Amino acid sequence: MAMSSVDVADRLAGVRDRISAAGGGASDVTVVAVTKGHGPAAAAAALEAGLTDVGENYAAELATTAGALLAAGGRKPRLHYLGHVQRNKVRMIADLVHLWQGVDRLAAGQEIARRHPGASVLVQLDISGEAAKNGCRPTEAAHLVDELVDIGLRVGGFMAVGPTGSPEDARPGFRHLVALADRLALPVRSIGMTDDLEVAVAEGATMIRVGRGLFGPRNGADDLRR
């Protein structure tokens with residue numbers, strides 16, 4: 001079934017209503033359309049619906065999406081890499097990524113800096129303590145920020161994935177991330193997804209990452225927390 005930009009636009013309006021109800025202004029919170037598993041058609045529909053930022057979790061999918069959009073001759077999105085940064089995949093997408101959101105260790109930053117000097121990155125924090133989720137410890141974040149800046153990367157702020165469970169369970173971690181960003185004078189706080197975006201916006205998100213809320217279930221299954 002073809003991805004309809006009208007359907008995406010309707011869902012985007014709903015997402016923006018939720019942001020507003022949570023206290024976020026239309027210009028204060030960037031919505032990143034997470035097209036993981038939906039393919040380039042979803043990215044094209046998101047752009048037609050008025051979004052400018054598209055996120056992918058896998059390097060090969062990001063490269064495919066970028067190539068398809070370029071071939072179609074449409075508007076070029078700001079591509080966000082949301083997955084764990086694997087050093088052997090950086091070369092494939094270094095020239096395509098607008099913002100690397102999953103940098104959680106110096107080695108990953110070094111490879112990005114080697115392939116794309118001056119690239120923009122976010123430091124991913126572990127606020128859940130869950131083994132399946134990546135991120136550096138909040139106590140190590142300030143040091144990692146300094147190290148990444150020292151190798152020439154532009155660190156805009158922090159990203160995190162909330163814990164599995166009730167959206168309310170994410171509030172303490174989100175609040176801690178925002179306080180840390182405030183202390184380090186970093187403006188970007190990429191927190192909140194389909195299920196917990198209200199909590200994230202209320203706690204100070206400047207960017208949310210929404211997949212299911214825009215495109216429906218991924219591959220017929222409910223892709224939780226996207």
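Observations, loosely collected:
- FRET efficiency for the pair THR52 and ALA131, taken as 1/(1 + (r/R0)^6) with r the Cβ-Cβ distance and R0 = 41 Å, rounds to 0.75.
- Extension gain for the segment ALA185 to ASP169, taken as residue separation times 0.36 nm less the Cα-Cα distance, is 3.2 nm to one decimal.
- Accessible surface of the chain [probe 1.4 Å, protein heavy atoms]: carbon and sulfur percent: 51
- What the Kirkwood sum gives for the stretch 12-123 is a hydrodynamic radius of 14.7 Å, with every pair of different alpha carbons counted.
- Convex hull (Cα only) mean projected area of the stretch 148-207, reported in nm² to one decimal: 4.1
- The stretch 51-76 residues near the modelled ARG115 label - backbone nitrogen below 13 Å, point 7 Å along Cα→Cβ: 58-64
- Long-range HN-HN contacts of ASP195 with modeled amide H, under 5 Å: ARG225, ARG226
- Max mean-square fluctuation residue, GNM over the chain, Cα-Cα springs under 10 Å, options ALA72, ALA22, ALA43: ALA72
- The chain: most fluctuating residue of ARG183, ARG171, ARG209 per GNM, C-alpha cutoff 10 Å: ARG183
- Values of log10 I(q)/I(0) for the stretch 1-42 across q = 0.25, 0.32 Å⁻¹ run -0.91, -1.13, by the Debye formula with one identical scatterer at each alpha carbon and no solvent.
- Dipole of the chain [Lys/Arg +1, Asp/Glu -1 at C-beta], most positive-end residue of THR30, GLY211, ALA68: ALA68
- Averaged per residue, the stretch 139-226 has 42 square angstrom of accessible surface, using a 1.4 angstrom probe with ligands and nucleic acids left out.
- Among 23-29, 63-69, 190-196, the order from most to least packed when residues are scored by Cβ within 10 Å on average: 190-196, 63-69, 23-29
- Rounded to two decimals, the Cα radius of gyration of the chain over 2.2 N^0.38 Å is 0.95.
- A simple charge model with +1 on the Cβ of Lys and Arg, -1 on the Cβ of Asp and Glu and nothing else charged puts the dipole of the stretch 1-145 at about 380 debye relative to its Cα centre.
- Mean ellipticity per residue at 222 nm, deg cm²/dmol - from DSSP H runs of n ≥ 4 across the chain, formula -39500 (n - 2.57): -12500 deg cm²/dmol
- Scalar couplings 3J(HN,Hα) for the stretch 26-43, obtained by applying the Karplus form with A = 6.51, B = -1.76, C = 1.60 to θ = phi - 60°, are 4, 9, 8, 10, 7, 9, 9, 7, 8, 9, 3, x, 9, x, x, 4, 5, 4 Hz; x denotes Gly and Pro.
- Remark: the stretch 50-182 projects, on average over all directions, an area of 8.8 nm² (convex hull of Cα atoms).
- Amide H within-cut-off set for CYS136, under 5 Å, with H built and near neighbours excluded: GLN124, LEU125, ASP126
- Each Lys or Arg adds one and each Asp or Glu subtracts one; over the other residues with Cβ under 15 Å from the Cβ of ALA22, this totals -2.
The values are calculated or read from the model by the stated rules, or taken from the named source; none is laboratory data. This is a predicted model, so every value here is computed, not measured. Note that each Cβ is placed from the backbone with ideal geometry, even for glycine, and that neighbours are counted across all protein chains shown. Areas reflect the complete protein model, heavy atoms only, side chains present, ligands, DNA and RNA absent. Shrake-Rupley method; radii C 1.70, N 1.55, O 1.52, S 1.80 Å.
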